[in-house]
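First the structure, in the form of C-alpha cells, and then the observations on it.
The values are calculated or read from the model by the stated rules, or taken from the named source; none is laboratory data. What you see is a predicted model; the values in this text were computed from it and never measured. For neighbour counting, all protein chains shown are included, and Cβ atoms are generated from backbone atoms with ideal geometry for every residue, glycine included.
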Amino acid sequence: MHGLVNRSIECFIKDNYGAAAWSGILDAARLDVGTFEAMLCYDDDLTDGVLAAASEHLGKPRDELLEDLGTYLIANRRDERLRRLLRFAGETFEEFLLSVDELPDRARLALPDLWVPSISIASIGPNSFEICAGPGIPGFGHVLAGVLRAMADDYGALVMLGARVTTEDGASCIHVTLYEARHSEGRSFVLATPP
C-alpha cells in the first residue's frame with residue numbers, strides 16, 4: 001500500500017482521536033512504527049492490521065471508519081490538496097460527479113505510483129447516479145462514499161447517498177441522488193492558492 005494511504009489513516013486518527021489513540025492502535029497492531037512515511041510503500045497486510053486495530057480500539061465498524069476517513073480527506077482544512085484536486089472537476093457538484101471516473105487518472109498525475117481502483121458513473125434517472133468503484137482495495141467504496149459526502153457539502157449541494165452494494169471481488173456501487181445543487185453556500189474555492 002502506498003505510504004500516503006497509511007499516512008492519511010495516521011493523520012485522520014491523530015486529528016480526530018488523539019496521539020494516545022494512535023499509539024494504542026499501533027500497540028494493538030503490534031507495530032513499532034511511530035509514523036508512516038508518505039512516499040514509501042508498505043505491505044497491504046500492515047494497512048489491514050492498522051485498520052482492524054483502529055476499528056477495535058475506537059469501537060467503530062471498519063466501514064464507518066473508512067467513510068469517516070474519506071470525509072476527513074476533503075474536510076481537513078490543514079491540508080486541502082485533495083480537495084483542490086477534486087474541485088478542478090467542475091463548478092457544480094453535478095459536474096464533479098460526472099467527472100468522478102477521471103479520479104484514478106488525476107491521482108496518477110499527482111502521484112504516478114499511487115494506484116486507485118477504476119471508478120465509473122452511470123445516470124439511473126433524473127438527478128440520480130450510480131457510482132461504482134472497481135475491486136483492488138478492500139473498503140475503497142466506503143472511502144469514496146465519504147469523499148462524495150464531503151464534496152457535496154463543499155459545493156453546498158443537498159444529496160442523499162443510498163445503499164452501498166459490495167460484490168464478492170470487492171467492487172462497490174453507491175447510489176447518489178442530487179436533490180438541490182445550491183442548497184447552501186458551500187466552501188469558497190478559487191483557482192489560485194492563497195499566498
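Taking the stated definitions as given, is ALA89 assigned by TED's automatic domain parsing to the domain that holds LEU161 and not in a helix (DSSP H, G or I)? Full working, then the answer.
Numbers: assigned by TED's automatic domain parsing to the domain that holds LEU161: yes; not in a helix (DSSP H, G or I): yes.
Yes; evaluated as a whole, the condition is true for this residue.
Within region 127-179, take every residue that is in contact with a Pro (Cβ under 8 Å, 6 or more places away or on another chain) and part of a loop (DSSP other than H, G, I, E, B) and give me the one that is modelled with the highest pLDDT. Spell out the reasoning first.
Going residue by residue through region 127-179, those that are in contact with a Pro (Cβ under 8 Å, 6 or more places away or on another chain) are 133-137, 140, 167, 169-171.
Now drop any that are not part of a loop (DSSP other than H, G, I, E, B), which leaves 134-137, 167, 169-171.
Numbers: GLY134: 91, PRO135: 88, GLY136: 82, ILE137: 84, THR167: 75, ASP169: 76, GLY170: 76, ALA171: 87.
Among those residues, the one meeting the criterion is GLY134.
Run ILE137 past the list (1) buried (at least 16 other Cβ atoms within 10 Å of the Cβ); (2) under 24 Å from ASP48 (Cβ atoms); (3) in contact with a strand residue (DSSP E or B) (Cβ under 9 Å, 6 or more places away or on another chain) and report the number of the one that doesn't hold.
(3)
List the helices (runs of 4 or more DSSP H) that sit entirely inside region 1-75 and contain at least 3 residues that are over 22 Å from ILE137 (Cα atoms) and outside the structural domain of HIS142 (by TED's automatic domain parsing). If you could, list the steps in order and put the result at the bottom.
Numbers: elements: 3-17, 19-28, 44-58, 62-75.
So the answer is 3-17, 19-28.
Does GLY146 satisfy being touching a strand residue (DSSP E or B) at 6+ places or on another chain (Cβ under 7 Å) and either under 21 Å from ASP43 (Cα atoms) or touching a residue at least 40 places away in the same chain (Cβ under 8 Å) (or both)?
On the way: touching a strand residue (DSSP E or B) at 6+ places or on another chain (Cβ under 7 Å): no; either under 21 Å from ASP43 (Cα atoms) or touching a residue at least 40 places away in the same chain (Cβ under 8 Å) (or both): yes.
Here the answer is no, as GLY146 does not meet what is asked.
Might you check whether a residue that is under 16 Å from GLY146 (Cβ atoms), out of contact with any Ser or Thr (no Cβ under 9 Å at 6 or more places or on another chain) and without any contact (Cβ under 8 Å) to a residue 60 or more places away in the chain occurs anywhere in region 24-43? Give the derivation first.
Step one: list which residues in region 24-43 are under 16 Å from GLY146 (Cβ atoms), which gives none.
No, the conditions are met nowhere in region 24-43.
Just to be sure I understand, how many residues within region 85-99 are in contact (Cβ under 8 Å) with a residue 40 or more places away in the chain and either within 16 Å of the chain's Cα centre (by Cα) or closer than 17 Å to GLU130 by Cα (or both)?
Qualifying residue count, region 85-99: 6.
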